[in-house]
Each structure stands twice: as C-alpha cells, then as structure tokens.
1. Within the stretch 61-78, how many residues are farther than 22 Å from Met94 by Cα and surrounded by 14 or more Cβ atoms within 10 Å (Cβ to Cβ)?
2. Name the single residue that is nearest to Ala77 (Cα to Cα) among those in the stretch 23-49 being of a type outside the set (D, E, K, R) and open to solvent by 40 Å² or more (accessible area, probe 1.4 Å).
3. Quick check on the stretch 57-69. Is at least one of its residues part of a strand (DSSP E or B) and touching a Cys at 6+ places or on another chain (Cβ under 7 Å)?
Amino acid sequence: MTEARPTATGAPGYTETMPCEPESARRARLLVSAALSAWGIGELAGIGMQIVAELVNNAIDHTRCRVVRVLITRPTAGVVRIGVADSCTGTPEMGNPDDDSEHGRGLFLVDALSWRWGYDRKRWGKAVWAELEVPPRC
C-alpha cells in the first residue's frame, strides 16, 4: 500500500510529485486528506479528494506528461487551493459530452464542487487548481 507523505511547502501547504498514471489519483487523495486533517478542516476531505482525483485524471487523460505535481495550499485562512501541475501547455476546457458519454465531465464536477477553479500558465506548463471555502468556526 502506498501512503502519502505530505511535505511542508511553507505558506502553509503540502506538495508531492507523482507519476502521471492512474494509481497516482489515490496518492493524491491521501495527500489532500492528510493536509486537510492536519489543518483541522477534515470535513472538506471528501470534496477535496474528489476534486484532486478529477484533476489528476484529467492530466493523465489529456497530456503526455510523465509526472504531475499535486499542491494543497492555504492562500488565506478561509480558502484551500488544490492544484495539479504538469508540463503540458494545453489549457483545460470543459467538455461537451452527450448524455451517454462516460467521459468529459471532470471539469463540470470540479466546477460544481469548488468555490472557483482555474489555471495558471507557466513557462514550463500549467497548474490547474480549484479552491474550497473553509467554513467559519463558531
């Protein structure tokens, strides 16, 4: 069994580089769960794990990358950003699947589950991300 080992990035965040293969979706889910639990917001783990799995699977299905980098950060106390970076320069686009299609709904799901999502172009590729709002504590 592969276990995610979060690596602190500083601001606060966790990151791990993984092979661009289907087994990495599980590792990415474990990383997200570990990070959110460490921050005391484990109630977001289910949504976060679904989002990261979709982003990793999109990289696997739509790029020729050998590795992806999964990033989980807290840009502010009220926001968690889950991202997947790859070396492909192609930009993500929502699909237009027909009713019987088994593929093409990943970004629709990310859009529905997240507060907002997008991508950042880099000179080496791109990072696709989704943000979750952290519920205020009573």
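1. So the count comes out to 4.
2. In the first step, residues of the stretch 23-49 are kept if they are of a type outside the set (D, E, K, R); the result is 24-25, 28, 30-42, 44-49.
Still in the running and open to solvent by 40 Å² or more (accessible area, probe 1.4 Å): 30, 37-40, 46-47, 49.
Working: Leu30: 22, Ser37: 15, Ala38: 14, Trp39: 10, Gly40: 12, Gly46: 19, Ile47: 18, Met49: 19 Å.
Step by step, filter the stretch 23-49, then rank; the result is Trp39.
3. Checked against the condition, which is being part of a strand (DSSP E or B) and touching a Cys at 6+ places or on another chain (Cβ under 7 Å), the stretch 57-69 yields at least one hit.
Here is a yes/no grid of residues against (1) among the aliphatic types (A, V, I, L, M); (2) within 15 Å of Glu131 (Cα to Cα); (3) modelled with pLDDT of 95 or more:
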residue	(1), (2), (3)
Ala34	yes, no, yes
Ile47	yes, yes, yes
Val68	yes, no, yes
Ala77	yes, yes, no
Val84	yes, yes, yes
Ser87	no, no, no
Gly90	no, no, no
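The values are calculated or read from the model by the stated rules, or taken from the named source; none is laboratory data. Here the structure is a predicted model, which is why all the values come from computation and not from measurement. Methodologically, a virtual Cβ is constructed for each residue, glycine included, from the backbone with ideal geometry; neighbour enumeration extends over all protein chains shown. With ligands, DNA and RNA removed, areas are computed over all heavy atoms of the protein, side chains included. Shrake-Rupley method; radii C 1.70, N 1.55, O 1.52, S 1.80 Å.
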